[in-house]
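Enquirer: Sharing a structure, written as structure tokens. Questions coming.
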Amino acid sequence: MIDPTDSGAAPDPATAPRSAPGTAPAHPVAHVRVAVIGAGFAGVGLGIRLQRQGESSYLVFERGSGVGGTWRDNSYPGVACDVPSHLYCYSFRPNPDWSGVFAPGAEIRRYIETAAREEGVLPHLLTDTEVFGLDWDENAALWRLDSTRGAFTADAVVLAAGRLTEPRIPDVPGIEGFDGPMFHSARWDHTAELAGKRIAVVGSGASAIQIVPQLAAVASELVVMQRSAPYIIPRDTRAYSAAERSLFARDPEELERVRSRLFWKAEEAFAQRAGDADATAAARSRALAHLESQVSDPGLRAKLTPDYEIGCKRVLISSDYYPAVAEPHVTVEPSALAGIRGNTLVARNGGEHEVDALVFATGFHSAEQPYARLTRGRDGQLLADHWAGGMTAFASTVMAGFPNLFVINGPNGGLGHNSAVYMIEAQIDYILGALHHSAANDGLVLSVTAEAEQEYTRAVDELSASTVWLTGGCNSWYVDARNGRLTLLWPDFAHSFRARNAAFSPAVFDPPRPVASPPA
């Protein structure tokens, strides 16, 4: 076992040598049954389930310094979840002690950390470890992993790296010449002195609407560069009382009832995404009434009114964003950032704003995952090439030509109306079923057929065609800009995803290939 506390110098992933597929390395490498890439909700959740089933031969590779995934990376002021707390946790590990209806980010991170520690996942965790090569070895019927901790092999690999991992920074002229604190919301610089400064926030998505009220409270001037106005509904939140938390702890059935009510309430929101005219009108009216009740100035209200259908982009939840941008020292610039000249931001509409600090709340490279450029399946095919027409996978989990490889929260594995953790658990069930089937059949290599993946993709595309994500008149990160396909979200109810995809079946997998003889 590699010492997880080893802090030796790591090679550059871009130049480090990769093991040649089909050849044995010059020195012994650690082998595990399952290699998991990423230690967020998905990776830790899979680790817990493996532990509970008695599986000890697995490693979780994490490039960061600890578990938590996006809840470790995002530590900006005001970070919180917009899914109710009791839905945003493992069903197999409910938390009776959530502080309120919507948990702050630090509390969610502590939940994941506690789960990993108490469930025995930490001894299998390699932190500060970048995986920069994943190669399928057909002769040996295993995966070869190159990492900053050295080489490993695994019977199966699970990509649990998530989609909100690689920050997107606008490629605008002059950005390198900005003289002041400048960082992405997911890489918050807590050493930056922002009090009394002129600050700009570029973006108006989920992170921005949480950050802006916090910065408005300390900035001398604040500019919000808004490329597109979001729909926002009230955040109906409150703290749970000590009596409620005590009840949840004493009565697990009450906790389950709360979770069930929240889940089915969230499911109701899909009707609007699916094009139900009455549901759409009701959702739109609620959001616009919220805007009108909190912003009295008609000019500002016009800037903050979306020009597309509700649900096309992520519907945001906040009760303090509109009051913040209505403050006299806050300016909403309804235009994208086009360039930077010294410390002057130049908007696409010609507006100019001189600032001292710059925060990018500009999202992530979600449709083109970085791990796809590092993963080679049969015949050396890159996963990035397999996904050149947009991410696809059978059951949103397995790809043709990539044996014993699984992805969680990847192609059409997300939701726009309910809890991502519910989806993650369905995929974990599928993966555990596949691993069990392989083990019960003498380590059978599992490779889904191309026909099964193509048919699943056609079905997803048909479901997507009438949804607001494709018909609502917006450009969103849910849709692959290269071809206009909805690749990030599941275009149906969450419970339908579980019904369709949580149970593994070997029927759609290729028959076993004979193991090739090693070269003489």
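Enquirer: Please report the carbon-and-sulfur percent of the accessible area for the chain; probe 1.4 Å, protein heavy atoms only, DNA, RNA and ligands left out.
Expert: On the way: 11310 of 21740 Å².
On the chain, the fraction of accessible area on carbon and sulfur atoms equals 52 percent.
Enquirer: Counting only heavy atoms of the protein chains, get the accessible area per residue of the range 68-203 (1.4 Å probe) and round it to a whole Å² value.
Expert: Working: 4870 Å² over 136 residues.
Per residue, the range 68-203 has an accessible area of 36 Å².
Enquirer: A follow-up question, please. Tally Lys/Arg at +1 and Asp/Glu at -1 over every other residue whose Cβ is under 14 Å from the Cβ of residue 456; what's the total?
Expert: Combined, the nearby Lys, Arg, Asp and Glu give -3.
Enquirer: Return the long-range amide H neighbours of residue 32 (sequence gap of 5 or more, or a different chain), with a cut-off of under 5 Å between placed amide H atoms.
Expert: 153, 154, 155
Enquirer: While we're on this one: Under a cut-off of 22 Å between alpha-carbon atoms, report the lysines in cross-link reach of residue 313, not counting same-chain residues fewer than 8 places apart.
Expert: 265, 303
Enquirer: Can you tell me the order of 238-244, 152-158 when each peptide is scored by its average per-residue count of other Cβ atoms within 10 angstrom, highest first?
Expert: On the way: 238-244: 10.9, 152-158: 23.4.
Top to bottom by mean Cβ count within 10 Å: 152-158, 238-244.
Enquirer: For the range 218-315, report the accessible area per residue in Å² (1.4 Å probe, heavy atoms, rounded to an integer). Please report the intermediate quantities before stating the final value.
Expert: On the way: 5190 Å² over 98 residues.
For the range 218-315, the solvent-accessible area averages 53 Å² per residue.
Enquirer: Something else: What accessible area per residue comes out for the range 421-520, rounded to a whole number of Å², with a 1.4 Å probe? Before the final figure, lay out each step's value.
Expert: On the way: 4780 Å² over 100 residues.
Normalised by residue count, the accessible surface of the range 421-520 is 48 Å².
Enquirer: What's the ranking of 260-269, 187-196, 219-228, 332-341 by average number of surrounding C-beta atoms within 10 Å, highest first? Provide the component values of the computation, followed by the final result.
Expert: On the way: 260-269: 15.1, 187-196: 12.8, 219-228: 21.6, 332-341: 18.1.
Highest-to-lowest ranking by the protection proxy: 219-228, 332-341, 260-269, 187-196.
Enquirer: Do the sum for the chain: with -39,500 (n - 2.57) for every DSSP H run of n ≥ 4, divided by all residues, what is the mean residue ellipticity at 222 nm, to the nearest 500 deg cm²/dmol? Don't skip to the answer; put the middle values down first.
Expert: On the way: 15 runs with 151 residues, N = 520.
That comes out to -8500 deg cm²/dmol.
The values are calculated or read from the model by the stated rules, or taken from the named source; none is laboratory data. In this text the structure is predicted, and so the values were computed from the model without any measurement. Methodologically, a virtual Cβ is constructed for each residue, glycine included, from the backbone with ideal geometry; neighbour enumeration extends over all protein chains shown. These accessible areas exclude ligands, DNA and RNA; they are computed on the full protein's heavy atoms, side chains included. Shrake-Rupley method; radii C 1.70, N 1.55, O 1.52, S 1.80 Å.
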